[in-house]
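Encoded as structure tokens, the structure appears first; notes follow it.
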Amino acid sequence: MKAMTEQNLINAFGGESQAHMRYLHFADQADKENFPNTARLFRAISHAEYVHAGDHYRELIHLEGGFVANSMAAFGPGDTKKNIRLAIMGENYEITEMYPSFIEIAKFQGEKGAERSFRWAYGTEKMHKILFEKAKESVDRNTDAVLGPIQVCRICGYTLEGEAPDKCPLCEAKKEDFTAFT
């Protein structure tokens, strides 16, 4: 594997791993503030970030040893209003800067597995931002988000509100491959 794509996978793994843990902490805070649907959203998206981290990690099977992961991570947790802002900032970074460049580098270097992993994450992060923005509107009014079931594809992490599709729009996984957060 080419060095730039390899480092991008390491960095993406680090960022997704941190997002996974950060969103679990944000969910706990939302529960404390009596925003159960917002907490459920954080937990669902945390699971999607876990899937992304795993996809990136599997592309690095050839490595052995310790490596430094440089990733953008939002720090300074606070109340749920602040935490949703931090989440939107992180998703926006992945959508506008991180994944578009990682995809192009992997494509240029002919690293098809990495490119697929980056594309799956990129396609999902756009949905995360939309869902967080929806929740933010409610939380900013001191009310909990009104959300239906949140579905997460166990293969690529694709996330949506509502019923699971017959086929994942990103990876074409079956409906049975979705985990519902209700």
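With contacts defined as alpha carbon pairs under 8 Å and 6 or more residues apart, what's the relative contact order of region 21-113 in percent?
On the way: 44 pairs, mean separation 23.0, N = 93.
Relative contact order here is 25 percent.
Please list the non-local residues whose amide H lies under 5 Å from the amide H of T179, H modeled 1.01 Å from N, same-chain partners needing a gap of 5 or more.
Hits under the 5 Å cutoff: V152, C153, R154.
Go ahead and set up a Gaussian network model of the chain, Cα springs under 10 Å, then flag whichever of Q18, Q109, Q151 fluctuates most.
Highest fluctuation among the options: Q109.
Using a Gaussian network model of the chain whose springs link C-alpha atoms within less than 10 Å, name the residue from I61, I103, I88 with the highest mean-square fluctuation.
I61
Assign unit charges at the C-beta atoms only (+1 for Lys and Arg, -1 for Asp and Glu), then state the dipole size of region 3-144 relative to its Cα centre in Debye, rounded to the nearest 20. It would help to have the intermediate numbers written out before the result.
Details: 17 positive and 21 negative charges, 68 e Å.
That gives a dipole near 320 debye.
Given a cut-off of under 8 Å on Cα pairs at least six residues apart, what relative contact order in percent is computed for the chain?
Normalised by residue count, the contact order of the chain is 24 percent.
Quick check: Cα centre of region 134-173 to Cα centre of region 78-102, how many Å?
16
Cα-based count: Lys pairs in region 3-144 below 18 Å, eight or more positions apart or different chains?
Pairs that pass both the separation and distance tests number 11.
Among I45, Y57, S17, whose Cα sits farthest toward the positive end of the charge dipole of the chain (+1 at Cβ of Lys/Arg, -1 at Cβ of Asp/Glu, about the Cα centre)?
Most positive-ward Cα: I45.
Read the figures in this text as sums done on the coordinates, not as results from a lab. Just so it is clear, the structure is predicted and the values come from calculations on it, not from any experiment. Neighbour counts are summed over all protein chains in view; Cβ atoms, including those assigned to glycine, are modelled from backbone coordinates with ideal geometry.
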